[in-house]
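A quick write-up on the structure given underneath.
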Ligand code: A2P
């Protein structure tokens, strides 16, 4: 299958290109991450893997990359700086720790996982991210979970614009304001929990069942195209110009989730899906995240 898959590329403001579809590995153990990333690269045709220090599976991801049949330079690898590592010194240590665990000399994208609530600290961390990029340890740098005001905090006091803002984004939470403001600033939007999340989404919150994957409107769209609801959700993301990293631990689903380049959603499909916007999150709002 991998020979047939041509994932579109998006050019970031850093000049670096990113495959628009990747594999997310939140809640995978090192062993699970190693197996599923290896399958995704070697069998399913993925070239973009999204992990984080907080996922505690960078070693497994690194082992999969080392063992894969695809050369490192053909892969796009993202990891993220955890909340405990804000501030210059901790940030500079954090990238070295992540690279050592991944077994890599650089990542393609390094992200601040959460902006937290302290403007001065966020700006200091961002300056460290700029240093990290200059050192060659990250080809591009960006943020996650930034609201427009966080992007302003960074823009007011920095040289480098974040390449991406990775936020919770799916038809229940289409994030029109963040997308518009990120576009204005030249920042690409990436979506987390694009399928509506796992059954254990959110930090420190009660589990929320995934309702999107069983939504009747999406089921009707999926039936019209002879595709699954997950494939419709991924297609909606791609046709919306978003960068999307669905997560699964099951090889057949990982393969299914990249098999989305032989159909197109119509305007009518988009109108139906727009009706699902109810503002419901599966994760935390950035203004309430203070866990370190
Ligand atoms: P699993 O890992 O058991 O396959 P997210 O929105 O964060 O990407 O979450 C995806 C959730 O949906 C995960 O719990 C994953 O579970 C499940 N999932 C991923 N791909 C599919 C698919 N093609 N069909 C049904 N469920 C899926």
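Quick check on my filter: what residues within region 221-241 are crowded, with 21+ Cβ neighbours inside 10 Å, in contact (Cβ under 8 Å) with a residue 60 or more places away in the chain and away from the ligand (no atom under 13 Å from the Cβ)?
Once the filter is applied, which keeps residues that are crowded, with 21+ Cβ neighbours inside 10 Å, in contact (Cβ under 8 Å) with a residue 60 or more places away in the chain and away from the ligand (no atom under 13 Å from the Cβ), region 221-241 yields nothing.
Test residue 96 against the criterion of being surrounded by fewer than 23 Cβ atoms within 10 Å (Cβ to Cβ) and assigned to a loop (DSSP other than H, G, I, E, B), and give yes or no.
Numbers: surrounded by fewer than 23 Cβ atoms within 10 Å (Cβ to Cβ): yes; assigned to a loop (DSSP other than H, G, I, E, B): no.
Here the answer is no, as residue 96 does not meet what is asked.
Going through region 41-68 one residue at a time, which ones are assigned to a loop (DSSP other than H, G, I, E, B) and surrounded by fewer than 24 Cβ atoms within 10 Å (Cβ to Cβ)?
Residues satisfying the conditions are 45, 47, 52, 56, 68.
Test residue 252 against the stated conditions and say whether it is away from the ligand (no atom under 11 Å from the Cβ) and more than 29 Å from residue 11 (Cα to Cα). Break it down into steps so the answer makes sense when it comes.
Numbers: away from the ligand (no atom under 11 Å from the Cβ): no; more than 29 Å from residue 11 (Cα to Cα): yes.
Considered against the rule, which asks whether it is away from the ligand (no atom under 11 Å from the Cβ) and more than 29 Å from residue 11 (Cα to Cα), residue 252 comes out as no.
Just to be sure I understand the filter: pairs with C-beta atoms under 6 Å, separated by 6 or more residues or on different chains, first member in region 91-103 and at positive phi, second member exposed (fewer than 14 other Cβ atoms within 10 Å of the Cβ). Which pairs pass?
Close Cβ pairs (under 6 Å, with a partner that is exposed (fewer than 14 other Cβ atoms within 10 Å of the Cβ)) amount to 103/66.
Hand me the list of helices (runs of 4 or more DSSP H) wholly inside region 108-204 holding 2 or more residues that are touching a residue at least 40 places away in the same chain (Cβ under 8 Å). Outline the logic, then answer.
Numbers: elements: 119-134, 148-155, 176-184.
The qualifying helices (runs of 4 or more DSSP H) are 119-134.
Looking at 128, 188, can you tell me which residue is in contact with a helix residue (DSSP H, G or I) (Cβ under 9 Å, 6 or more places away or on another chain), under 24 Å from residue 24 (Cα atoms) and surrounded by 15 or more Cβ atoms within 10 Å (Cβ to Cβ)?
On the way: 128 fails: under 24 Å from residue 24 (Cα atoms).
Step by step, each of 128, 188 is checked, and only 188 is in contact with a helix residue (DSSP H, G or I) (Cβ under 9 Å, 6 or more places away or on another chain), under 24 Å from residue 24 (Cα atoms) and surrounded by 15 or more Cβ atoms within 10 Å (Cβ to Cβ).
Does residue 32 satisfy the criteria of being outside any loop (DSSP other than H, G, I, E, B), in contact (Cβ under 8 Å) with a residue 24 or more places away in the chain and more than 16 Å from the chain's Cα centre (by Cα)? Break it down stepwise before answering.
Details: outside any loop (DSSP other than H, G, I, E, B): yes; in contact (Cβ under 8 Å) with a residue 24 or more places away in the chain: yes; more than 16 Å from the chain's Cα centre (by Cα): yes.
Here the answer is yes, as residue 32 does meet what is asked.
Of (1) within 11 Å of the ligand (Cβ to nearest atom); (2) exposed (fewer than 15 other Cβ atoms within 10 Å of the Cβ); (3) in a helix (DSSP H, G or I), residue 209 satisfies all except one. Which?
Here residue 209 clears every test but (3).
I'm checking my understanding of the structure. Among residues of region 251-289 that are touching a helix residue (DSSP H, G or I) at 6+ places or on another chain (Cβ under 8 Å) and assigned to a loop (DSSP other than H, G, I, E, B), which one is nearest to residue 26 (Cα to Cα)?
Keep residues of region 251-289 that are touching a helix residue (DSSP H, G or I) at 6+ places or on another chain (Cβ under 8 Å), which gives 251, 253-260, 263-265, 269-270, 272-273, 275-276, 286, 289.
With assigned to a loop (DSSP other than H, G, I, E, B) added as a condition, the list becomes 259-260, 263-265, 275-276, 289.
Working: 259: 21, 260: 22, 263: 28, 264: 28, 265: 28, 275: 28, 276: 25, 289: 18 Å.
Among those residues, the one meeting the criterion is 289.
Just one of the numbered conditions (1) in contact (Cβ under 8 Å) with a residue 24 or more places away in the chain; (2) surrounded by fewer than 19 Cβ atoms within 10 Å (Cβ to Cβ); (3) over 30 Å from residue 292 (Cβ atoms) is not true of residue 249; which one?
The one condition residue 249 does not meet is (3).
Within region 282-292, identify whether any single residue is modelled with pLDDT of 95 or more and more than 10 Å from the ligand (Cβ to nearest atom), and answer yes or no. Step through it out loud before you land on a result.
Start the filter on region 282-292 by keeping residues that are modelled with pLDDT of 95 or more, which leaves none.
No, that holds for no residue.
The values are calculated or read from the model by the stated rules, or taken from the named source; none is laboratory data. These numbers come from a predicted model, not from an experiment. Positions of Cβ are backbone-derived with ideal geometry, glycine not excepted, and every protein chain shown enters the neighbour counts.
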